[in-house]
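Here is the structure we will look at.
The values are calculated or read from the model by the stated rules, or taken from the named source; none is laboratory data. From a predicted model like this one, the values you see are computed outputs, not experimental measurements. Counting neighbours? That spans all protein chains shown, and the Cβs are built from the backbone with ideal geometry, glycine included. When the accessible area is computed, the model is the full protein with side chains, heavy atoms only, and any ligands, DNA or RNA have been set aside. Shrake-Rupley method; radii C 1.70, N 1.55, O 1.52, S 1.80 Å.
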Amino acid sequence: MMQIVNPILKGFNPDPSILRVGDDYYIATSTFEWFPGVQIHHSRDLKNWRLIGRPLNRTSQLNMIGNPISCGVWAPCLTYDKGTYYLVYTDVKSFASNYKDTHNYLVTSKYILGDWSEPVYLNSSGFDPSMFHDDDGRKWIIQMQWDHRVMPGGKSRHKCLIVQEYSEKEKKLIGGVTRIYDGTSLATIEAPHIYKKDGWYYVICAEGGTWHDHAVTVARSRNILGPFDTDPKNPMLTSANDPLNPIQKAGHASTVKTQNGEWYMVHLCGRPIPNKGRCTLGRETSIQKLKWEDGWIRLAHGGNNPELVVNGPELEEHPWEEQPVRDDFNDEKLNINWQTLRIPLGEDILTLKERPGFLRLYGHESLRSHHTQALIARRWQSFKFTAQTSIEFEPDTYQQMAGLVCMYDTENYYYLRVSCNDIGEKVLGIMKAENNAYSEPVGGISETNITGWGAIHLRVDVEYDRMQFSYSKDGVNWDNIGRVLDASILSDETCRNGLFTGAFVGLCCQDFSGRGQRADFDYFDYIEH
């Protein structure tokens, strides 16, 4: 029997929405402020997955310029009906207060790889909308409704789930809004999906918040407009009562039925660094096998805790080709693993064409910017990895810098950068930001003079909570720069305004003078250990 080891989508891949079309399985996950929006992975066996696309790739679909940290795309829902794929998503414009500015949209496509349509605006009532296609042809949007008001003592009011019909002909929501479910005592109800089986409508939702009290709860009704009755054995999935489980934060789930009638559920999770309790890889996606019992959905193993190793479906295993560890920048388009912050970058900032075989970045705004950064980055997907690059950069002022960055968000990063000092020497040093507290050089470490060097190779080695930067003139002989750093500060638990994404490693260039000094990167290696 095929065995599946969790998580199935490693690194920052939260809020999974799973879909089967024929023999193909797809999972859509949140991308928050990273562009293009929404990750879609593909599988044939529920075990082996590959990233195939990001449908929100135009600013007309998703313009996040100025969006705060951990805003942007929340909780996409991917569905399919009569030859068309439907993707519902939220673009969050603010959330760090009682107010939540959450605009919900729908895009469609005849093909999973697109092109996806221009967005249809749905509403702004709350986040985590999903679409349900009923067997009578009607379509419904179910979502949590946010209540900004507070009760005495400052506690937020209880959220609820609402449902409203969607008219495909009119391309808008129609009819009244119906409140269908208030959730359980776990509270903070969100992430609803509706499924229909044997005449029952089942709502599967998340409660307890997206941290260690996270859970999946279930309710059912004979009518999509409710009332919904709670499963007496809720929560059906949680790791809140199992602190030693390597799969923590279990919640926010969606289900799928295989070609052979087996049921599985994908769900959000986090893996803390052992003895540290911090999730540098962010919130990931795991899978559990299900069974039906007395008209309710249950985990196949009989409990409600997630399993690390799951029995796979009765399908032939279908592995994908291993991805190369080196990106030589030989194509005219970026490798699919790269993303930018908030918006796409034009040829005036990022180009693979001006110097074939090199990524050229023209210096732009600071790493603190929420607008336009000359930066590309990819997820950390292992607790142990090496990332390496070669850069050619000739700064003539301390206001110009470029190099290799490890970051969680614009307030939390380590940056090994080439710059210039006050006497015109080219220097190498480390910058750090921890919850917007900035330091340079880190820990009082002096900068390294590299005047006269052409290309310089930069490397970072990460092993759980340990990070070491190094540099080389030839890419063979390496010298460490600085001390071993605490990689665990780039985590969900430590980033005060982040919370929802995960650590990235990337390449960037800044020029605060506004002259757009360029940096050329010859290659990028990402090697997991």
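It is to be established whether one or more residues within the stretch 34-47 are open to solvent by less than 40 Å² (accessible area, probe 1.4 Å), in a loop (DSSP other than H, G, I, E, B) and under 30 Å from Met1 (Cβ atoms).
Step one: list which residues in the stretch 34-47 are open to solvent by less than 40 Å² (accessible area, probe 1.4 Å), which gives 34-43, 45-46.
Now restrict to residues that are in a loop (DSSP other than H, G, I, E, B): 36, 38, 45-46.
If we keep only those that are under 30 Å from Met1 (Cβ atoms) as well, we get 45-46.
Yes, that holds for at least one residue.
Looking at Leu367, Leu341, Leu352 in this structure, which one is of a type outside the set (Gly, Ala, Ser), touching a strand residue (DSSP E or B) at 6+ places or on another chain (Cβ under 9 Å), modelled with pLDDT of 95 or more and within 19 Å of Val38 (Cα to Cα)? It would help to see each step written out before you state the result.
Values: Leu367 fails: within 19 Å of Val38 (Cα to Cα); Leu352 fails: within 19 Å of Val38 (Cα to Cα).
None of the others qualify; the one that does is Leu341.
In contact (Cβ under 8 Å) with a residue 12 or more places away in the chain, surrounded by 22 or more Cβ atoms within 10 Å (Cβ to Cβ), of a type in the set (Ser, Thr, Tyr) and more than 30 Å from Ala96 (Cβ to Cβ): which single residue out of Tyr181, Tyr201, Tyr195 fits that description? Outline the logic, then answer.
Numbers: Tyr181 fails: more than 30 Å from Ala96 (Cβ to Cβ); Tyr195 fails: surrounded by 22 or more Cβ atoms within 10 Å (Cβ to Cβ).
Result: Tyr201 is the single residue among Tyr181, Tyr201, Tyr195 that is in contact (Cβ under 8 Å) with a residue 12 or more places away in the chain, surrounded by 22 or more Cβ atoms within 10 Å (Cβ to Cβ), of a type in the set (Ser, Thr, Tyr) and more than 30 Å from Ala96 (Cβ to Cβ).
Take the conditions touching a residue at least 60 places away in the same chain (Cβ under 8 Å), touching an Asp or Glu at 6+ places or on another chain (Cβ under 9 Å) and closer than 30 Å to Gly303 by Cβ and apply them to Glu207. Does it pass?
Answer is no for this residue.
Does Leu237 qualify as being touching a Gly at 6+ places or on another chain (Cβ under 6 Å), open to solvent by less than 10 Å² (accessible area, probe 1.4 Å) and on the phi < 0 side of the Ramachandran plot? Can you show your working first?
On the way: touching a Gly at 6+ places or on another chain (Cβ under 6 Å): no; open to solvent by less than 10 Å² (accessible area, probe 1.4 Å): yes; on the phi < 0 side of the Ramachandran plot: yes.
It is false that Leu237 is touching a Gly at 6+ places or on another chain (Cβ under 6 Å), open to solvent by less than 10 Å² (accessible area, probe 1.4 Å) and on the phi < 0 side of the Ramachandran plot.
Are any residues in the stretch 278-312 acidic (Asp, Glu), over 23 Å from the mean Cα position of the chain (by Cα) and part of a loop (DSSP other than H, G, I, E, B), and if so, which ones? Talk me through it step by step, then tell me what you get.
The first filter runs over the stretch 278-312 and keeps only residues acidic (Asp, Glu), leaving 284, 293-294, 307.
This time we only want the ones that are over 23 Å from the mean Cα position of the chain (by Cα), so: 293-294.
The one that is acidic (Asp, Glu), over 23 Å from the mean Cα position of the chain (by Cα) and part of a loop (DSSP other than H, G, I, E, B): Asp294.
With Ala187, Ala250, Ala206 as the choices, which residue is part of a loop (DSSP other than H, G, I, E, B), small (Gly, Ala, Ser) and either at pLDDT 95 or above or more than 17 Å from Asp294 (Cβ to Cβ) (or both)?
Working: Ala250 fails: part of a loop (DSSP other than H, G, I, E, B); Ala206 fails: part of a loop (DSSP other than H, G, I, E, B).
Of Ala187, Ala250, Ala206, the one residue that is part of a loop (DSSP other than H, G, I, E, B), small (Gly, Ala, Ser) and either at pLDDT 95 or above or more than 17 Å from Asp294 (Cβ to Cβ) (or both) is Ala187.
Can you tell me which of Glu425, Glu447, Glu434 is open to solvent by 10 Å² or more (accessible area, probe 1.4 Å), in contact with a helix residue (DSSP H, G or I) (Cβ under 8 Å, 6 or more places away or on another chain) and at negative phi?
Details: Glu425 fails: in contact with a helix residue (DSSP H, G or I) (Cβ under 8 Å, 6 or more places away or on another chain); Glu447 fails: in contact with a helix residue (DSSP H, G or I) (Cβ under 8 Å, 6 or more places away or on another chain).
Within the list Glu425, Glu447, Glu434, the selection yields Glu434.
How many residues are assigned to a loop (DSSP other than H, G, I, E, B), small (Gly, Ala, Ser) and in contact with a Phe, Trp or Tyr (Cβ under 7 Å, 6 or more places away or on another chain) when one looks only at the stretch 494-529? Reasoning before the result, please.
Narrowing the stretch 494-529 to residues assigned to a loop (DSSP other than H, G, I, E, B): 494-503, 512-517, 529.
Add one more test, that the residue is small (Gly, Ala, Ser), and what stays is 498, 502-503, 513-514, 516.
Then drop every residue that is not in contact with a Phe, Trp or Tyr (Cβ under 7 Å, 6 or more places away or on another chain), which leaves 498, 502-503, 516.
Of the residues in the stretch 494-529, 4 are assigned to a loop (DSSP other than H, G, I, E, B), small (Gly, Ala, Ser) and in contact with a Phe, Trp or Tyr (Cβ under 7 Å, 6 or more places away or on another chain).
Considering only residues of the stretch 71-101 that are at pLDDT 95 or above and not in a strand (DSSP E or B), which is farthest from Ile112 (Cα to Cα)?
The selected residue is Cys71.
Farther than 20 Å from Gln388 by Cα, touching a strand residue (DSSP E or B) at 6+ places or on another chain (Cβ under 8 Å) and buried (at least 21 other Cβ atoms within 10 Å of the Cβ), is that true of Phe504?
no
Given the conditions (1) under 22 Å from the mean Cα position of the chain (by Cα); (2) in a strand (DSSP E or B); (3) modelled with pLDDT under 95, which single one is not true for Val462?
Every listed condition holds for Val462 apart from (3).
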